[in-house]
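The values are calculated or read from the model by the stated rules, or taken from the named source; none is laboratory data. Predicted model, so just to flag it, every value in this text is computed and none were measured. Cβ coordinates were reconstructed from backbone atoms using ideal geometry, including for glycine residues, and neighbour counts include every protein chain displayed.
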Amino acid sequence: CYWSQIGMNWGRGEGPHAWPPRRGPQASELEVERSRSPKAKPDPRELVFGQIFTDHMLTIEWTQGSGWGRPRIRPFQDLSLHPASSALHYAVELFEGMKAFRGSDDKIRLFRPELNMERMERSAERVCLPAFDRSELLECIRALLRLEQEWVPRSDSASLYIRPTFIGTEPSLGVAPPGRALLFVILCPVGPYFPGGHFSPVGLLADPTYTRAWPGGAGHCKLGG
């Protein structure tokens, strides 16, 4: 089955590379700080893609010396980055995009989330970010979704967009794999990306001047820059 409910557990994954001393963030160590000022939920009919965010976010820090820190769900807030962070200068960053849908039975489901975790792992290896356990990260995301389940629209034309992001935060202008990194996940309720709805035709231009993917490049990843 390609669909999975947010309450399900997954087995542990294996990654192509490893960083000592810890394999990855552990969902069993998740800490939760609830927001004291929850926001009103928007009308699903008035959603604009990517402009409204939920009350909480997931953050997990990594350092080369200490490995992965505890996963934390905390109130949605701005990030503080050193001006020399490697993500800002050398695009040592990646992101994913997935959605949670509410069915007619009121259950919340994800569509093939394990494939997003696989690509995220490939992307991390491509830009020298540390390895993580796919199943543990997915379980942390599920915990965030359970906390924010009322943000999943009760609508067949809207969903909750999930944006996992992984950035290098090493405060150095030297060109090297980062010794510090931050993995975070934010959520936003969204309507259709294009005007007209999910099933309206969209005109596209195929321009041979520009190439997204090339042998040896990063077309198999989802990177910033």
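For the range 106-225, please list each of the strands (runs of 3 or more DSSP E) lying entirely inside it that holds at least 2 residues being aromatic (F, W, Y) and surrounded by fewer than 22 Cβ atoms within 10 Å (Cβ to Cβ).
none
For every residue, the table says whether it meets (1) touching a Phe, Trp or Tyr at 6+ places or on another chain (Cβ under 9 Å); (2) not acidic (D, E).
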| site | (1), (2) |
| --- | --- |
| C128 | no, yes |
| R134 | yes, yes |
| E139 | yes, no |
| A143 | no, yes |
| L147 | no, yes |
| R154 | no, yes |
| S157 | no, yes |
| P164 | yes, yes |
| P171 | no, yes |
Across the range 28-58, the tally of residues that are at pLDDT 95 or above and in a helix (DSSP H, G or I) stands at 2
